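The values are calculated or read from the model by the stated rules, or taken from the named source; none is laboratory data. As the structure is a prediction and not an experimental result, all values here were calculated from the model. Using ideal geometry, Cβ is built from the backbone for each residue, glycine included, and neighbour counts are taken over all protein chains shown.
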Amino acid sequence: MRGRVFVVLAIVAFALGGCTSPWWSSPKEDDGIIRIVVNPGETESMSAEPKLIPADADSVRIRVWHPISGYNTVATVSLNGTSEGVDIHVPQDTGYVVDVVSYVLRDGRALALTGGRARNVDVEAKVITTVAVALQTWETESAGDESTEPEDTYTVGFTLTDGGGLLTEQTFNGATLHTSVDDFQNSSDSLPLFPGSAGIQEINRFTFSGVAPAVTEETTLYMCGLVQFTQNWKDTSLADRDEHVLYIEIPNRHMDEDLYELTVDPSAGGLVVEISDL
């Protein structure tokens, strides 16, 4: 998989000047700044190391939040091949969490690619703290029915692992299953329309049930889940409304994961009646 080594530097500093985040009001005297500097990377890499950002990523979404006070804010940085930065004013406090997700825009959705987290970030007035966040790939573990009969119910489950420590109750909020008898493995193919199957979520595990199509010959049913990030990740400051909400596909076609395949076989069951004149 082609990728770029990607490191996010979060610099916590006292607010001395103007902030590049227009959604903020004037900072308080005891506020600090979390300055996120995004370095897309100077070299291309064929390495399989998980600390990367795919070459076709469009932007990164940055979330700064506090698990106790409930403070939460987001910012988005576009990737254009050069270092980019954004300053985020935050109240002075200890124990902030800085989350970063890279994503690509496809078919009117912002689809997550890689993610990372920095914990226990302390913000003090007039003190600079540097935090490095290495983005990592998510991996999908799939389990469930491998074959079924037409119009029978099937069950499939997907579990997300890794992802730089982002797999918590603060990350995802619901999922839908998308299926087709046509292969949509290529990431440039449109995701099939939602057929009406919502998933049961347990933090980072999603279980779906559906009804197999009424086919008359053995058919492969291709499927993947579409998971929505919580509203805490929403960035309404962006001009493109398609970018406001983050999603991730599981399995993630955009990170070269294979779609789940279910065989629908009309000959797998049923009653065979033989008639004889004896």
Test for Ala110: is it at pLDDT 90 or above, in a strand (DSSP E or B) and touching a helix residue (DSSP H, G or I) at 6+ places or on another chain (Cβ under 6 Å): yes
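Kindly indicate whether Val86 is in a strand (DSSP E or B) and either modelled with pLDDT of 90 or more or surrounded by fewer than 20 Cβ atoms within 10 Å (Cβ to Cβ) (or both).
The answer is yes for Val86.
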Residue check for Val156: touching a strand residue (DSSP E or B) at 6+ places or on another chain (Cβ under 9 Å), of a type in the set (A, V, I, L, M, F, W, C), closer than 18 Å to Asp258 by Cα and assigned to a strand (DSSP E or B): yes
Answer residue from the stretch 124-147, given it is β-branched (Val, Ile, Thr) and at pLDDT 85 or above and is nearest to Asp242 (Cα to Cα) among those: Thr137
